[in-house]
Amino acid sequence: MEKVIIIGTGCAGWTAAIYTGRANLAPLVLAGDQLGGQLTTTTEVENYPGFPQGIMGPELMMHMQEQATKFGARVEYKKVSSVEKNGSTFSVTCGEDRYEAETVIIATGADPRHLGLDGEEKLIGHGLTSCATCDGAFYRDVPVAVIGGGDSACEEATFLTKFASKVYLIHRRDELRASKIMADRALANEKIEPVWDSQVTEYLTDDDGEMRAVKVLDLKTNDETEIELKCVFVAIGHVPNAQFLDGLVETDENGYIIQKPSCTKTNVEGLFAAGDVADHVYRQAITAAGDGCRAALEAERYLADNE
Ligand code: NAP
């Protein structure tokens, strides 16, 4: 019987592992097929406190793992297929293997949706991203584009006008889905140029493999044009990785796990949720790490109360 199983190896998962490790709970971290975390697919991280010169995303994740294992966290590269509650404990199944635990921390994150175009994976970190807060400052005085028409797209486009010379807001319809206040703010910004009824059909790169332009199809006229730019920010939604829980825990209409107010507890006793799997608002490495810390402390208190 494990005291704590942590599912997921992003900032939330590793921080939960560091804290539960230091509390002598010997957490078992289930990492899936490969180490996770959105930072493993980014380049430089400039906004994580403590690194004034910035740090490469994968390096930061390696430091977190090293710190967690130093305090006794054990890592298994197994993908969780289901979690069940049996009385007061949990069964966590990974294919043929089964683990029992008194508490479980879900830190499986959310994957940004992408368009599914050729070469997409290679371009991430080279002019294709889904986080304006993380990468916007790298694109000063150059044109960029945001794809999407929701609150995220409008918020990111408005934020990017602080840096970019111009922000194309490419949306597949002629009306934004975003709330009126955010849509109005974006459309009133002189640096934002909406590209209505349009779908990006191709990412075009330069000789160094960096983003150089996008091909855009006008869905009304069928005309195809090219827009020169340096970076594309995709804001067409996220998919929280909570499907494997198969209804065990309460989620909102978009599939994000619902945390109880001001904590990481869920509607299932002993089951905690941390990071982007429960957060569609902030989605930052540091907020995920903070959530991982809270989940660890709450799991520790839960174990003490139930001893
Ligand atoms: P969203 O509201 O689901 O909007 C996604 C946008 O992407 C939509 O405009 C959609 O187009 C477009 N889209 C989806 N698939 C596409 C595809 N394959 N190709 C091109 N476009 C595609 O997602 P979100 O903006 O990330 O917001 C998610 C939730 O977080 C919302 O509840 C939102 O209110 C909330 N949020 C709040 C704030 C805030 O309050 N500060 C900030 C960000 C997000 P259609 O419109 O045509 O469907």
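The values are calculated or read from the model by the stated rules, or taken from the named source; none is laboratory data. All values reported here derive from a predicted model rather than from experimental measurement. Cβ: placed from backbone, ideal geometry, glycine included. Neighbour counts: every protein chain shown.
Details
- The lone exception for residue 153 - which of (1) away from the ligand (no atom under 16 Å from the Cβ); (2) under 18 Å from the mean Cα position of the chain (by Cα); (3) over 30 Å from residue 4 (Cβ atoms) it fails: (1)
- Scanning the range 269-307 for residues that are of a type in the set (Val, Ile, Thr) and assigned to a helix (DSSP H, G or I) gives 277, 286, 287.
- Elements of the type strands (runs of 3 or more DSSP E) sitting completely within the range 52-171 and holding at least 3 residues that are among the polar types (S, T, N, Q) and crowded, with 19+ Cβ neighbours inside 10 Å: there are none.
- Residue match in the range 112-131 (condition: farther than 24 Å from residue 257 by Cα and among the hydroxyl-bearing types (Ser, Thr, Tyr)): yes
- Residues in the range 192-238 that are free of Cβ contacts under 8 Å to residues at least 60 places away in the same chain, away from the ligand (no atom under 14 Å from the Cβ) and hydrophobic (A, V, I, L, M, F, W, C): 3 in all.
- Filter result (within 12 Å of the ligand (Cβ to nearest atom) and either touching a Lys or Arg at 6+ places or on another chain (Cβ under 8 Å) or of a type in the set (A, V, I, L, M) (or both)) within the range 114-129: 115, 117
- Every residue from the range 261-294 that is of a type in the set (A, V, I, L, M, F, W, C), modelled with pLDDT under 95 and surrounded by 18 or more Cβ atoms within 10 Å (Cβ to Cβ): 285
- Residue in the range 180-191 that is part of a loop (DSSP other than H, G, I, E, B), surrounded by fewer than 16 Cβ atoms within 10 Å (Cβ to Cβ) and within 16 Å of the ligand (Cβ to nearest atom) present: no
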